[in-house]
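Below is one structure; the comments refer to it alone.
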């Protein structure tokens, strides 16, 4: 069984990424044990906590996770800049780190597959364009969930697991480069593990 640590910026990232990892692993026949570490407080807090985590985990080499998935929104910095900054922090364990950097926000990823949204909530959503405006995608997700007649008690993120299970990942990865990057990185790690089994 492969051990994966999920180091997420907030509940939204964890709600989306945990079922995505489990789904992809299951589809490829890889057994995984996922452990989540949620950090609150934005990118600065994520960077500081991840730096500490990376340093500490090296002290326990024999207990290193097989993969560390680090998740934070790109915000206005953009995907490439965020990934570069996190990669520098992860230097000592970079061979086992994958980055989930939604550009610009995780809520947009939930709105990428209108058909999956409809299967879960009964009506399709509008796939949003890619603009970075504070809380824009949170608002669009809340609005889409509310229009379905459901109550978005957790901003709509409470439907993340079901939407992820219903997504057509092969099709949706063509809609968003940051999502495609994550899917390809995870797929690559899973394939390597299978080849060594």
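Laid out as a table, the results:
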| quantity | calculated |
| --- | --- |
| Gyration tensor (alpha-carbon) shape descriptor, region 4-69, a/c threshold 1.5 | oblate |
| Rounded to 10°, Cα long-axis angle of helix 11-28 versus longest principal axis of the chain | 70 degrees |
| Principal-axis tilt of helix 79-89 within the chain, Cα atoms, nearest 10 degrees | 30 degrees |
| Whole-angstrom gap from region 131-152 to region 12-74, using each part's C-alpha centre | 26 Å |
| Helix axis angle, 136-147 relative to the chain longest principal axis, alpha carbon, degrees | 50 degrees |
| Two-decimal log10 I(q)/I(0) for region 123-197, as the Debye equation yields it once each C-alpha is a single scatterer, q = 0.14, 0.15, 0.25 Å⁻¹ | -0.60, -0.67, -1.28 |
| Globularity index of region 33-121, i.e. its alpha-carbon radius of gyration over 2.2 N^0.38 Å | 1.23 |
| Order by protection proxy (mean Cβ within 10 Å, highest first), peptides 121-128, 168-175 | 121-128, 168-175 |
| Ellipticity estimate at 222 nm from DSSP helix runs (n ≥ 4, -39,500 (n - 2.57)) divided over the chain, nearest 500 | -16000 deg cm²/dmol |
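No lab work stands behind these numbers, since they all come straight from the coordinates. Since we're looking at a predicted model, the values are computed, not measured. Here Cβ is always computed from backbone atoms with ideal geometry, including for glycine, and neighbour counts include all displayed protein chains.
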